[in-house]
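To start, the structure itself, in structure tokens.
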Amino acid sequence: ETADIETASDDYASRFSGPIGEWLLQVQEQATLRMLKPYPEATILDVGGGHAQLTPALIREGYQVTVLGSDESCNRRITPFLEEGSCQFEVGNVLCLLYSDNTFDIVISYRFLAHVTHWETFLSELNRVAKRAIIIDYPTLRSFNSIAPFLFKFKKNIEQNTRPYISYEEKQIIKHLRSLNAEPVERYAQFFWPMVLHRMLNSPRISSILEGLVRLSGATSLLGSPVILKSCKKQVKLH
């Protein structure tokens, strides 16, 4: 599973360039930091985080960050942080993480699950090395993603460098996490409208209004995507 080679590339980063790209990432960043608030100065493993979408914010907030990539090339976008010693980077197999159980307080992974074939194994490994919680994002079928395959050609014409992705039935992810003794405790659906629409509008102000109005109605929580999900590990009682 090497999906992060693509997401750590400059070409992928261009999808989030300009004011609208910054706005999209800001929504993601703010939701993530809210979920991390109970864990000041926590150790965080960011699996597939070579895209550096969260690295600056995590460092700024005082977290101890390790980024794991599936290939050495996945560290290019975080090179400035590595050179200043504010985070670490390691290469490893995401389906067999090179760490012992409970090594990191928190394990996060964004922009990866949507491209993973062996997703159960992937989530099991994230959960295994996390001591307190895992935070992931994924596209959900309970959204405009349900018709995404039929609109892919149109999306490709607009975005040029997009690629196919996997959308999930949320209940299957939650069921698997619970089987791992991890309880979903917080979720945040980021956008009601497809991200391609926001890129077409190219106006953070208009997009903020469109999303704000729908969120007030409660529809975003029900039908928004991608979803950020936080699951906390249950403490096993010894008898």
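The values are calculated or read from the model by the stated rules, or taken from the named source; none is laboratory data. Every value quoted in this text rests on a predicted model; they were computed, and no experiment measured them. Every residue, glycine among them, receives a Cβ derived from its backbone with ideal geometry; neighbour counts consider all protein chains shown. With ligands, DNA and RNA removed, areas are computed over all heavy atoms of the protein, side chains included. Shrake-Rupley method; radii C 1.70, N 1.55, O 1.52, S 1.80 Å.
What does the net charge come to around Thr140 if you take all other residues with beta carbon closer than 11 Å to its beta carbon, with K and R at +1 and D and E at -1? Before the final figure, lay out the partial values.
Numbers: positive: Arg142, Lys171, Arg187; negative: Asp137, Glu169, Glu170.
Result for the local shell: 0.
Express the accessible area of region 64-110 per residue in Å², computed with a 1.4 Å probe while the remaining protein chains stay in the model. Write down the numbers at each step before the final one.
Details: 2220 Å² over 47 residues.
Normalised by residue count, the accessible surface of region 64-110 is 47 Å².
In whole percent, how big is the carbon plus sulfur part of the accessible area of region 163-231, probe 1.4 Å, protein atoms only? Intermediate results must be reported in sequence, preceding the final value.
Details: 2240 of 3490 Å².
Of all accessible area on region 163-231, carbon and sulfur atoms account for 64 percent.
Give the accessible area for Leu58 in Å² (nearest 10); use a 1.4 Å probe, count only protein heavy atoms, and leave out ligands, DNA and RNA.
0 Å²
On the Cα set of the chain, report Rg and Dmax in Å, please.
17.3, 60
Across the chain, how many lysine pairs, 8 or more positions apart or on different chains, have C-alpha atoms separated by under 30 Å? Please give the number.
25
Could you pull the accessible area for Tyr12 with a 1.4 Å probe, rounded to 10 Å²?
20 Å²
Using only Cα atoms, locate the centre of region 199-238 and the centre of region 174-192, then give the distance between them in Å, rounded to an integer.
13 Å
Which net charge results when you count Lys and Arg as +1 and Asp and Glu as -1 among the other residues whose beta-carbon is under 12 Å from that of Glu186? Walk me through the numbers before you get to the answer.
Details: positive: Arg34, Lys37, Arg187, Lys230; negative: Glu183.
The answer is +3.
With the contact rule set at Cα under 8 Å and sequence spacing of 6 or more, what percent relative contact order holds for the chain?
Numbers: 417 pairs, mean separation 47.5, N = 239.
Rounded, it is 20 percent for the chain.
Skipping prolines and chain starts, which residues have an amide H placed within reach, meaning under 5 Å, of the one on Arg111, given they are 5 or more residues away or on another chain?
When sequence neighbours closer than 5 places are left aside, the close amide H contacts are Asp137.
As I understand it, the value is the acute angle between the Cα axis of helix 148-159 and the longest principal axis of the Cα atoms of the chain; what does it come to in degrees, rounded to 10?
Relative to the chain, helix 148-159 is tipped by roughly 80 degrees.
On a C-alpha basis, how far is the centre of region 116-134 from the centre of region 6-45 in Å? Whole number, if you could?
Each part reduced to its Cα centre gives a spacing of 20 Å.
Please arrange Arg187, Arg128, Arg34 by accessible surface area, largest first, computed with a 1.4 Å probe and ligands excluded.
Working: Arg187 80, Arg128 60, Arg34 120 Å².
These residues rank, largest area first, as Arg34, Arg187, Arg128.
Please give the length that would be gained between Leu197 and Asp101 if that part of the chain were fully extended, namely 0.36 nm times their separation in residues minus their C-alpha to C-alpha distance (nm, one decimal). Before the final figure, lay out the partial values.
Details: separation 96, 0.36 × 96 = 34.56 nm, distance 4.15 nm.
Using 0.36 nm per residue and subtracting the Cα-Cα distance, I get 30.4 nm.
Would you mind checking the tilt of helix 204-217 against the longest principal axis of the Cα atoms of the chain, expressed as 0 to 90 degrees and rounded to 10?
80 degrees
Leaving out ligands, DNA and RNA, what percent of the accessible area of region 23-142 is carbon and sulfur, probe 1.4 Å? Intermediate results must be reported in sequence, preceding the final value.
On the way: 2130 of 4730 Å².
Within region 23-142, the accessible surface is 45 percent carbon and sulfur.
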